[in-house]
Amino acid sequence: MIDYKNCGGLKKPSDNFFFMIREFENVVRKSVDHESIHSKSFLKDELREEILDSFMVKHYSCELFELVEDDNERESFLKNCINLFLTVRGFAITKLIHKKTEKSAKNEKKTSASLRDALKSLNTGNLK
């Protein structure tokens, strides 16, 4: 017999974890309007509180962390998952905005397509 050594590798997430992350996405999509995004529409603290208040997030987190006895540890695990999700989602949103500004800059034949200028113009409503 050959004994195989566990060297780590790709792990398959459980269904409850996938559903919890999908619920994170649903809450963020409900609270953030991607068409009229501005500098204060993606604040992590506010979004974290909205995600924590979601009933389904509470349900899936209870099923995921049922073996964790301490409520503080359970909450810290959940907050870490939310922070990681919001970080990844925030970078994805900025990437979309950056691509949008590049396209609008090409249409306007503008020499600079900075993200900061685009957010300022989105905030004032001047971007097409």
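Values quoted throughout were computed directly from the atomic coordinates according to the rules given, and no laboratory measurement underlies them. Values in this document were obtained by computation on a predicted structure and should not be read as measured data. When we count neighbours, we look across all protein chains shown, and the Cβ atoms used for this are built from the backbone with ideal geometry, even at glycine.
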Note, His34: beta-carbon cut-off 14 Å, +1 each Lys/Arg, -1 each Asp/Glu, net +3
Under 15 Å, Cβ to Cβ, from Arg22 - net charge with Lys/Arg +1 and Asp/Glu -1 | 0
What ranking, highest mean first, results for peptides 66-72, 19-25, 88-94 when packing means the other Cβ atoms within 10 Å averaged over each residue?
-> 19-25, 88-94, 66-72
Do any of Lys44/Lys103; Lys100/Lys120; Lys30/Lys100; Lys30/Lys95; Lys30/Lys79; Lys40/Lys100 go past 24 Å between their Cα atoms, and which?
-> Lys44/Lys103
